[in-house]
Amino acid sequence: MATPAIRMFRKLEGLFCVYKPAGVHWKLVRDSIETNLLKGLNAAPSQPLPHEVRLLAQPRHESEASKGLTVSAVSVPVLSKHPLVTGPEFQHIRVGVGHRLDTFSSGVLVLAVGNGNKALNDFYTTRVTRDYTLEAEFGTATDNFTNTGRVVERSTYDHITQDKLERVLSMLEGVNQKTLLTYSSIDMRSQEAYEMAVQGLLGPEGKSTPILTGLRCIRFQPPNFTLEVQCLNETQKYLRKIVHEIGLELRSTAVCNGVRRTRDGLFTLQDALIHHHWTAADVMQAIQLYHSTKKNKKPSKAANKTSALQTSEDNITETQQSEINDGVAR
């Protein structure tokens with residue numbers, strides 16, 4: 001019979017996401033959540049202690065000493081099963097980490113508990129894209145492309161306009177689209193490639209260089225500007241380097257002030273748990289929401305297939321009926 005802690009752990013198996021703040025290593029985030037989950041699991045009500053029957057001597061008066069020893073069967077708790085003897089029921093729990101964020105970045109960090117680690121591996125074999133918001137500034141170049149690095153160059157930026165920036169972004173996006181097609185193992189002249197491109201499933205097979213699938217400016221207030229990026233197989237260092245290269249293309253310099261991930265596959269900022277909600281109860285609720293979302297999507301796909309099949313059958317019926325009418329007319 002499963003204990004309350006085991007039943008609670010089964011509800012914790014799945015995927016969820018948290019908001020990783022900047023300046024914190026992802027390992028500290030994972031360790032904090034592991035600790036909180038263990039506290040929540042071990043705080044679950046424990047089962048009553050099992051009992052066993054023992055023969056115990058009955059107390060006797062001095063006048064009854066000559067009658068011999070008197071024993072009786074008594075049910076007593078098994079103290080060897082007490083939590084103070086056995087220790088906590090859960091002493092370790094595995095929390096898997098998805099696509100990681102470096103110390104200087106913030107945003108959505110996907111985690112997995114228990115059997116969710118297998119789902120996490122399957123999740124990243126589907127070539128999911130990720131969205132980022134990059135805060136940047138013209139006029140400075142550093143040795144590590146961040147505003148905290150050692151300044152190696154300063155330059156002017158008065159000649160930069162939003163139109164010039166948009167042209168550079170379009171050029172970079174076009175180059176990355178060609179790279180995406182290069183790493184795809186599908187014949188670009190085939191019907192399969194067309195259908196995958198329409199559904200947004202076209203992507204590189206296996207590992208590839210970082211690819212930007214979308215790039216646009218959402219704020220331009222020189223020297224500051226903000227970029228929105230959609231990408232595959234990226235690192236945060238690569239994204240900061242992109243900001244540096246944009247500055248060079250505009251005959252200036254640029255440095256990245258911040259990288260924030262706003263979406264990782266199905267998970268968005270709205271789904272991310274902030275630090276105060278890294279508790280077992282909130283994680284369980286987030287995982288249950290993830291499971292319910294998956295269940296809701298499966299019927300919708302089946303319904304789409306059914307409607308498509310029905311439409312196809314209706315078209316066939318109409319075609320057959322028109323052929324019959326033509327034959328009658330003749």
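The values are calculated or read from the model by the stated rules, or taken from the named source; none is laboratory data. Computed from a predicted structure; not experimentally measured. With ideal geometry, Cβ positions are generated from the backbone for all residues, glycine too; neighbour counts draw on all protein chains shown. What goes into the accessible areas is simple: the full protein's heavy atoms, side chains included, and nothing from ligands, DNA or RNA. Shrake-Rupley method; radii C 1.70, N 1.55, O 1.52, S 1.80 Å.
At-a-glance table
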{"quantity": "Filter on Lys11/Lys295; Lys81/Lys118; Lys207/Lys295; Lys27/Lys118; Lys11/Lys39 - keep pairs with C-alpha separation over 23 Å", "calculated": "Lys81/Lys118; Lys207/Lys295"}
{"quantity": "Inter-part distance where region 1-63 and region 141-160 are each reduced to a Cα centre, Å", "calculated": "52 Å"}
{"quantity": "Solvent-accessible area per residue for region 129-264 (1.4 angstrom probe, square angstrom)", "calculated": "52 Å²"}
{"quantity": "Carbon/sulfur fraction of accessible area - region 129-264, other protein chains in place, 1.4 Å, %", "calculated": "48 percent"}
{"quantity": "Cleavage-rule hits (trypsin sites (Lys or Arg not before Pro)) in region 79-120: DSSP loop, at most 13 neighbouring Cβ within 10 angstrom", "calculated": "Arg94"}
{"quantity": "Trypsin sites (Lys or Arg not before Pro) restricted to region 230-300 and DSSP loop, no more than 13 other C-beta within 10 Å", "calculated": "Arg251"}
